[in-house]
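The values are calculated or read from the model by the stated rules, or taken from the named source; none is laboratory data. Since this is a predicted model, take the numbers as computed values, not measurements. Quick reminder, even Gly has a Cβ in these numbers, built from the backbone with ideal geometry, and neighbours come from all protein chains shown. Quick note on the areas: whole protein, heavy atoms, side chains included, nothing else; ligands and nucleic acids left out. Shrake-Rupley method; radii C 1.70, N 1.55, O 1.52, S 1.80 Å.
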Amino acid sequence: MDNTVIKIQDAVVSYREDVALQGVSLEVRKGEFIGIIGPNGAGKTTLLTVLNGLGKLIHGQAWVLGSQLNGRNGINLRKCIGYVAQVHSIDPRLPINVRETVMVGCYGRLGLFRWPTRAQWEAVDNVLEMVGMAHLSRRPIGHLSGGEYQKAAIARALVQQPEIFLLDEPTASIDPKAQREIMSLIQLIHKEYHMTTLLVTHDLKQLPPMCHRLILMKEGKIWKQGSPESMLREDVLSQLYEAPVAATNEIAPLCS
Amino acid sequence: MGTSILQYQFMQNAILAGLCGGITCSVVGVFVVTMHLSFIGVCIAHAAFAGALLGLWLGFNPLIGALLFSLASAAIIGPMTDRGELNPDTSIGIVFSLMLGLAFLFMGLMPGARTEALSLFWGSILTVTRQDLVFLAVTTAAIVGLAVIFYKEIQAVICHREVALAVGIPATVVFYGLLFSTGVTITASLQSIGGLLIYSLILNPAAAAYQLTYSLKRMLLIAIAFGIISCWAGLAASYLLDTPSGASIVITSSVIFGLATAFSPKRKVKRWRQVRLAG
């Protein structure tokens, strides 16, 4: 499959009576940074779950990193895919700290009956340093703010050493300063590791400048796709959201 | 308490049953408490009780009935809560009420005196047989062994099940494994602690330890210590005060929980003066 790391053909996903994805086809090349936008219920999250093998196709086919997803190989593929979801609510008394939570990212690759080595703990510490969370490494995970939690989630995905990075609204429900920090971090990671990245977001102003392609989803379908410049136009966005949306002509340079 | 009582076989069995029951129930309890599965545990406990009564009614080993019913209820509840076809509370509530109904039905259908059946309600650690003890010891070794071997997978599932799945851990298998372990633990401890009381011994030591630490490993060790203390102190209280052993064990564990909650560092709130000084 040459340079293609993700290929989806005519994917259909259904949750009981609701069809979440309707005949979606998509190809993603290695190292691409793709932004995915669209109204609520457009199928953005479902598309990501198909890619990490958690969403079940009722029709169509999907290949990720050269393997066709068949319901049995999802668990092995997920070890190579970093996934950051929206902020979860965590019990503040949960007896697990930030460092341990980040180490969870290694557990899949580590496999059963094997324990983390000192080198892996050092890798966790280095990643925590990189995301600016080293000073919080011993803090209980339930004591973090939304922004800090997302940085820890990104750190967890990074220690996994993934080939594909899936980000599902990582800045949802967090304050503007933390949103900016997280987007800078995502940008830095992409620059540093050249990972294939798919970012679902609602915040059009937060799309990083290196975004190669923007996919617009609506009613379970890919409605339009193209360069960010061609997609972030007032008429296109207003049609997508079926409401007046101001065009975002410039993409903020987040990473210095 | 005079030490001469310790020379009797029944008391030695009771002490060993308390040790094994305290360890097993506490280990399983830590996973039940941290994963917020308390009601699932109650449901499995009642299923084990119903199964044991069926065994008594039909004349086969009640432990086999308890094991089959508790595993079956875990196998029913797991998918029901997973698939989200019903609200988890509703699905667990339905299975719970069914199990309770079956327990009373089997008891009602039982001919003659129901002494043995009633003893399953509150259990009696003083009448534990060698066979019960062997089953309990094997269960303890298996549960502790599995908890050590799969510690990192269990920790990941406790951290967040979706996250565990997303990093390539067989989180669903681990989750079902924990439900089945709860069923086996309840079955093994049914004779000594009793069907209605067993769940307190699972919940209380773990809930008490939850109040005292932010480390999962430390929580396991504290819960085990509380579980053993509950069993042995309850046993001593039962001997000294001539009270039912199962009830004494459970009340002791509740007192420990009350004390842990009262002195929990997690409940501490900073006073205005501390905030001002820190600022």
With the structure loaded, tell me whether A:LYS79 is modelled with pLDDT under 95 and under 18 Å from A:LEU158 (Cβ atoms) or whether it fails that test. yes
Taking the condition more than 14 Å from chain B (Cβ to nearest Cβ), part of a strand (DSSP E or B), in contact with a helix residue (DSSP H, G or I) (Cβ under 9 Å, 6 or more places away or on another chain) and among the small types (Gly, Ala, Ser), does A:ALA42 pass? no
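The rows are residues; the columns are (1) farther than 30 Å from A:ARG109 by Cβ; (2) in contact with a Phe, Trp or Tyr (Cβ under 9 Å, 6 or more places away or on another chain).
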position	(1), (2)
B:ILE169	no, yes
B:LEU179	no, no
B:VAL184	yes, no
B:ALA188	yes, yes
B:ALA206	yes, yes
B:GLN211	yes, yes
B:ALA237	yes, no
B:SER253	yes, yes
B:ALA262	yes, no
Could you check segment A:107-134 and list, in sequence order, the residues that are open to solvent by less than 10 Å² (accessible area, probe 1.4 Å), part of a helix (DSSP H, G or I) and more than 8 Å from chain B (Cβ to nearest Cβ)? A:VAL124, A:LEU128
What residue, of B:ILE186, B:ILE169, is more than 30 Å from B:PRO265 (Cβ to Cβ) and either of a type in the set (Ser, Thr, Tyr) or within 14 Å of chain A (Cβ to nearest Cβ) (or both)? B:ILE169
For segment B:195-209, does any single residue satisfy the condition of being closer than 21 Å to B:VAL33 by Cα, open to solvent by less than 20 Å² (accessible area, probe 1.4 Å), within 12 Å of chain A (Cβ to nearest Cβ) and at pLDDT below 95? no
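Conditions (1) of a type in the set (Ser, Thr, Tyr); (2) touching a Leu at 6+ places or on another chain (Cβ under 8 Å); (3) within 24 Å of B:SER238 (Cβ to Cβ); (4) open to solvent by less than 10 Å² (accessible area, probe 1.4 Å), marked per residue:
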| site | (1), (2), (3), (4) |
| --- | --- |
| B:GLY21 | no, yes, yes, yes |
| B:GLY29 | no, yes, yes, yes |
| B:LEU37 | no, yes, no, no |
| B:ILE44 | no, yes, no, yes |
| B:ALA48 | no, yes, yes, yes |
| B:GLY55 | no, yes, no, yes |
| B:ASN61 | no, no, no, no |
| B:SER70 | yes, no, no, yes |
Residue hits (segment A:157-166; open to solvent by less than 10 Å² (accessible area, probe 1.4 Å) and within 11 Å of chain B (Cβ to nearest Cβ)) are A:ALA157, A:GLN160, A:LEU166
Residue count for segment A:135-174, restricted to those that are assigned to a helix (DSSP H, G or I), farther than 29 Å from A:TRP63 by Cβ and touching a residue at least 60 places away in the same chain (Cβ under 8 Å): 2
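Here is a yes/no grid of residues against (1) farther than 30 Å from B:PHE60 by Cβ; (2) assigned to a helix (DSSP H, G or I); (3) open to solvent by 10 Å² or more (accessible area, probe 1.4 Å); (4) in contact (Cβ under 8 Å) with a residue 40 or more places away in the chain:
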site: B:PHE96; (1), (2), (3), (4): no, yes, yes, yes
site: B:ALA141; (1), (2), (3), (4): no, yes, yes, no
site: B:LEU146; (1), (2), (3), (4): no, yes, yes, no
site: B:LEU165; (1), (2), (3), (4): yes, yes, yes, no
Could you go through segment B:179-186 and let me know if any residue there is touching a residue at least 24 places away in the same chain (Cβ under 8 Å) and touching a Lys or Arg at 6+ places or on another chain (Cβ under 7 Å). no
Could you list, in sequence order, all residues of segment A:82-98 that are facing another protein chain (nearest Cβ under 7 Å) and either in a strand (DSSP E or B) or not basic (Lys, Arg) (or both)? A:TYR83, A:ALA85, A:HIS88, A:LEU94, A:PRO95, A:ILE96, A:ASN97
In segment A:208-226, anything under 19 Å from the mean Cα position of the chain (by Cα) and not in a strand (DSSP E or B) is listed as A:PRO208, A:PRO209, A:MET210, A:CYS211, A:HIS212, A:GLY220
